[in-house]
Structures are given as C-alpha cells and as structure tokens.
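One structure is given here, and the rest of the page talks about it.
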Amino acid sequence: MDKPEGHAPSILIVDDIPANLSLLSGLLKDQGYKVRPAPSGPLALQAAQHDQPDLILLDIHMPGMDGFEVCRRLKSDPALADIPILFISALSETSDKLRAFSEGGQDYITKPFQVDEVLARVRTHLELRRARLELEQKNRVLSEALDQLKTAQSHLILSEKMAALGVLAAGVAHEINNPVNFVKTSCHGLEKDFEDMISVLALVRSSLSGDGLAGLEVHERKIDYATMLREVPELFFNVFEGLLRVEEVVKSLRTFARTDDALSCGIDLHEVVDAVLVMLRSRYEKHIQVDKAYGKLPTIRGNIGKLSQVLINLLTNAIDAVEAAAVPSRQRITVATEMRRRDEKDYAVLHISDTGAGIPQEFLHRIFDPFFTTKPVGKGTGLGLFICANLIKEHQGFLEVASPVGQGTTFSIFLPAGQEDPC
Ligand SMILES: Nc1ncnc2c1ncn2[C@@H]1O[C@H](COP(=O)(O)OP(=O)(O)OP(=O)(O)O)[C@@H](O)[C@H]1O
Ligand SMILES: [Mg+2]
C-alpha cells in the first residue's frame, strides 16, 4: 500500500475505549498518517479546534457526549464543518447508520471492522478532501483573477471615457473662446460708439430750435427715445454678464480638460468646486438650491482634473438623488469645507450633502463596487463612486459616506493637508 506523500495527513481518532484507540492509532501510524487520539467527545472538540485534522474517526457510543453530539457540534462550527467524519461503531442498525449520515457524517464502518476496509475508506476520504480543498483554492484564484479583470476593465473604460471627454472639453473650450473674445471686443467698441452717437445727438439737439426742435421731439416720442436711452446701458450690461458666464464655463472646461496625471501643489479646493458648480449649473439651477459653506482651507496637493472628476460624480449623484426624491421644498445640496484631524493627520475635508432619499443600509457596503447601480439601464453605469474612491486614494485621501434613514446623504472627501504632506 502507498504511504501518504509530502505533508502527512492528520487524523483524529475519538473512542472512549483505550484498546480501540491504540489499535486504530497503531494501524494508521503504520501507514504514515499523523494520528491524535481523543478519549472523549469534549476532548475531541478541543483537539479539533486547536489543530484542525484532515479526517475524524468517531465512535458513537461514549459516556457523556456521544458521537452524534460531537458530530453536530463540529458541523455547527464553520471553521470545522468541512472536516470529513467517519463513524466507527458497534451499532449496526440501519437507523443508526441513517442517523449518522443525517448528523453530517461522511461514512460509517461497523465494528468489528476489517483493517483493509478501514484503511481504504480513510484513504478515499482523505483523497476526496484533498481534491475538494484544491478545487476551492483554484476557485479562489479564479475569482480573484475575475475581480482583477473587472477592475482592469473598469479602469480602461474610465481612462478611455475621461481621455475622450478631456479632448472634447479642451476642443470645445478653444472653439468657444475665440468667438467669445471677438464678441466681447466688438461689444466694448459698440458701447463706446453708442456713447459717442448719443453725445453727437445731444449736440445736434442743443443747436436746434423752433420747428426743427419740435420735429425732433415728435420723432423722439414716436420711438420712445427716453426709454431707449435708459435701456441701452442695461442691455449692454446683460450682454457683458452673459459673456462673463460663457467665460466662466470655458475656464471650467479648461480646468477639467487638463489631462496630465501628476499631483501638483498649491491647489485651492474652493476654486475647483466653484468651477465644477459652473459646469453643472444647467443640471441644477432651475430646481435645486445649492448652498456653499466654505471654511478656511490651506492649499493642497492634487490633480485638478481628477478632483473635478470626483466632484462631478458626487454632485451628479446628489442631483440624481434629490430629483428622485421629488419633494420640491426639500431640494437642496450643500457643499461645505473644513479642516479635520484624523489619526493624528490633518485633512482638508469637503462634504457634499443632499436632501435625497438616502442609501438603504443593505446597499451601503456595495456602492463603491464597480458596476453597482440602482439606476435604470442606460442612466447609470455604477462606475462613478468606484472611480471617485480610486482617484481620492491616488491623493492619499479617503471617502466617507453617511446616509441616516430619511435624512439624505453626505459624502465626505478627506484630502491630506498637514505640515507633513510635502509640497
Ligand atoms: N447621493 C446619493 N443618494 C442616494 N444614493 C446614492 C447617492 N450616491 C450614490 N448612490 C447610490 O450608489 C449607487 C452607485 O453610485 P455610482 O455613482 O457608483 O453609480 P451610478 O450613479 O449608479 O452610475 P454612474 O456610473 O453613472 O455614476 C447609485 O446607483 C445609487 O444607488
Ligand atoms: Mg454616479
């Protein structure tokens, strides 16, 4: 008969009769197995917990705790439940055998036993266990590989998506900037020309008298000249306001379109938030009130493009949540900042709070998983928070979420901002 190779399998033998214990121990030791005898149920449980055996040979009829009870307790312990149990008993009734299997035993041998039969069954069960453990290990490796593949895939999707968006944003910013500049220059010229024209008209008016002046006044009334004089500066003001907004959007697009990967110093987090709020304005300004509560923050080390991306994702989620809650009076998003100390480190912290319905407790641990979404197909990919968590990790920071039932959600971004962070 072949001796077990490599690491000798260990077998726990449980029997209250010393003669049986030493007979079985001797037999199995001769085969090269590591054998531990246990003369009672409680001692067997202790031995199994202390050092898990590969197989247990278990007598049924024992004083105090019988074999069935030992088996039940082993099977109810998740750490020990997988160890195969081979009952060896003088009880030969079919009902005893059936009970042994129903308690979780893998096999049953009746005493007096045939040595070869015991050895053959021991070998089979050890082999089965080895094969099962190997399979489990392979499954683990496979599922880890699958997770890695999923992560790699989502990173790829993300970088493709962001690169494409970055190029698009840079292009749009450039294309808008040129016409905006010449509209602005022309408007300034127009304003100046208009002022000159008014002064010419005033001069002409002052030189008129009699019928000439009367005719002019009739015409002025006809075209409501007084109102026009009042309105034109307001109209110019509106045009310049509009242009200012376009410039803000272009500036935000440029900020967002930065494609470099590096972290740089001197970043004003409030400026980044403001730029992102401008970019998202069309998504919230009509129906959601956005409040800012900025604290005093030092500049930080970071990547504006990546931080913008995080803010866009978190604010978009907040807007979606508030819209889904659909209670007009509660439509509010607050962006607050403050310094906080955590684990003896200083952080610049940015909280984004919304008045949406919140995140159900059972989803909280899954929201950062790639592809986890509760949004309809086509609306959410479930990558937003996964990406945010990764980008913040690249900044040596972390994200926290609080979503007390019925009180909306707050995501908090912690970014290192202490003396110890080099810049
Ligand atoms: N502010 C929030 N309020 C309520 N639920 C939220 C909030 N933010 C995230 N969630 C939940 O977390 C899920 C995952 O968010 P995540 O941003 O990762 O993906 P998504 O928004 O569904 O899709 P996308 O990839 O387009 O961002 C959401 O589907 C939603 O269920
Ligand atoms: Mg999202």
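The values are calculated or read from the model by the stated rules, or taken from the named source; none is laboratory data. These numbers come from a predicted model, not from an experiment. Cβ placement follows ideal geometry from the backbone for every residue including glycine, while neighbour counts extend to all protein chains displayed. Just so you know, the surface numbers come from the protein's heavy atoms only, side chains and all, with ligands and any DNA or RNA stripped out. Shrake-Rupley method; radii C 1.70, N 1.55, O 1.52, S 1.80 Å.
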Answer yes or no as to whether Leu277 is within 30 Å of Ser329 (Cα to Cα), modelled with pLDDT of 95 or more and either open to solvent by 40 Å² or more (accessible area, probe 1.4 Å) or of a type outside the set (S, T, N, Q) (or both).
-> no
Residue hits (the range 84-105; over 21 Å from Leu27 (Cα atoms) and under 50 Å from the mean Cα position of the chain (by Cα)) are Leu98, Arg99, Ala100, Phe101, Ser102, Glu103, Gly104, Gly105
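Each row is one residue, and each column tells you yes or no for (1) among the charged types (D, E, K, R); (2) in contact with a strand residue (DSSP E or B) (Cβ under 8 Å, 6 or more places away or on another chain); (3) within 12 Å of ligand 1 (Cβ to nearest atom); (4) closer than 21 Å to Gly384 by Cα.
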{"position": "Gly302", "(1), (2), (3), (4)": "no, yes, no, yes"}
{"position": "Val310", "(1), (2), (3), (4)": "no, yes, yes, yes"}
{"position": "Ala318", "(1), (2), (3), (4)": "no, yes, yes, yes"}
{"position": "Ala325", "(1), (2), (3), (4)": "no, no, yes, yes"}
{"position": "Gln331", "(1), (2), (3), (4)": "no, yes, no, no"}
{"position": "Arg341", "(1), (2), (3), (4)": "yes, yes, no, no"}
{"position": "Ala348", "(1), (2), (3), (4)": "no, yes, no, no"}
Restricting attention to the range 353-369, and to residues there that are assigned to a helix (DSSP H, G or I) and not acidic (Asp, Glu), which single residue is farthest from ligand 2 (Cβ to nearest atom)?
-> Gln361
Determine which member of the set Glu344, Glu323 is within 15 Å of ligand 2 (Cβ to nearest atom), in the same structural domain as Asp421 (by TED's automatic domain parsing) and acidic (Asp, Glu).
-> Glu323
Identify all residues within the range 384-399 that are crowded, with 19+ Cβ neighbours inside 10 Å and in a loop (DSSP other than H, G, I, E, B); write none if there are none.
-> His395, Gly397
Those residues that are in contact (Cβ under 8 Å) with a residue 24 or more places away in the chain and small (Gly, Ala, Ser), I need them from the range 135-163; list them, please.
-> Ser154, Ala163
Does Lys192 count as out of contact with any strand residue (DSSP E or B) (no Cβ under 7 Å at 6 or more places or on another chain), open to solvent by 70 Å² or more (accessible area, probe 1.4 Å) and on the phi < 0 side of the Ramachandran plot?
-> yes
